[in-house]
Amino acid sequence: MVANSAAKPSARERLLGAADELFYNEGVRTVGIDRIIEQAGVAKASLYNTFGSKEELIHAYLEGRHASVAARIMKHIERYDTPRERILGVFEAQGQNFGDPRYRGCAFIAASAEARPGDLVEQATDAYRAWLRGLFTELSAQAGVAEPATLARRLHLLYDGAGVSARMDRDPDASVASRAAAEVLFDAALKSADAQD
């Protein structure tokens with residue numbers, strides 16, 4: 001008897017795979033539990049035993065997206081030596097998705113539009129945004145910028161705008177423009193810090 005070398009994905013993995021595809025393409029509130037269960041090929045009890053509720057499944061989906069985006073960005077910026085290059089690399093990493101025909105915009109922006117105040121969806125989107133803002137703040141501080149939190153907020157706005165432009169304008173080069181704008185903002189902030197010394 002030959003052992004099956006490829007283990008069948010667990011119910012959790014299948015549910016998250018179905019949720020990732022359906023929630024991203026159609027929205028977290030629009031997609032019903034029955035569609036997720038059908039696509040995952042699991043019993044309804046599996047969803048509730050694994051996640052407890054649809055809300056928990058949405059939260060897990062967003063946490064998975066957060067982990068994936070963070071890993072992709074961090075892997076991309078590791079190739080650079082300076083905080084300036086790493087900041088600009090965040091925009092390059094973001095742009096890697098823009099040419100993909102399956103790109104439907106930022107999953108967190110879409111989910112936050114459907115969130116209720118204080119719910120798990122809002123908590124997950126807030127956590128993602130705090131992580132990204134924190135990354136920009138940390139890199140800005142490492143570079144010696146006088147007001148790292150201010151620069152981080154501006155860079156975050158550029159990042160958001162690039163994602164919206166890539167989706168709504170169907171512009172795969174939006175990250176090129178946002179990277180160029182980030183470069184100008186960063187250099188101005190650094191020059192301001194140098195002038196204060």
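On the basis of being surrounded by 17 or more Cβ atoms within 10 Å (Cβ to Cβ), closer than 29 Å to Glu55 by Cα and not β-branched (Val, Ile, Thr), does Gly118 make the cut?
no
From the list Ser140, Ser192, exactly one residue is of a type in the set (Ser, Thr, Tyr) and surrounded by 16 or more Cβ atoms within 10 Å (Cβ to Cβ). Which is it?
Values: Ser192 fails: surrounded by 16 or more Cβ atoms within 10 Å (Cβ to Cβ).
Matching residue, one of Ser140, Ser192: Ser140.
Taking segment 50-86, which residues are more than 30 Å from Thr137 (Cα to Cα) and free of Cβ contacts under 8 Å to residues at least 12 places away in the same chain?
Within segment 50-86, Gly52, Ser53 meet the criteria.
Looking at segment 146-166, can you tell me whether even one residue there is within 30 Å of Phe51 (Cβ to Cβ), surrounded by fewer than 14 Cβ atoms within 10 Å (Cβ to Cβ), among the hydrophobic types (A, V, I, L, M, F, W, C) and out of contact with any helix residue (DSSP H, G or I) (no Cβ under 8 Å at 6 or more places or on another chain)?
no
Given (1) more than 12 Å from the chain's Cα centre (by Cα); (2) farther than 17 Å from Ser178 by Cα; (3) without any contact (Cβ under 8 Å) to a residue 24 or more places away in the chain, where does Ala130 come up short, assuming only one miss?
Status for Ala130: all satisfied but (1).
So which of Ala149, Ala124, Ala130 ends up being over 22 Å from Leu62 (Cα atoms) and at pLDDT 95 or above?
Being over 22 Å from Leu62 (Cα atoms) and at pLDDT 95 or above holds for just one of Ala149, Ala124, Ala130, which is Ala149.
The values are calculated or read from the model by the stated rules, or taken from the named source; none is laboratory data. None of the values given here were measured: they were computed from a predicted structure. All Cβ positions, glycine included, derive from the backbone under ideal geometry; neighbour counts span all protein chains shown.
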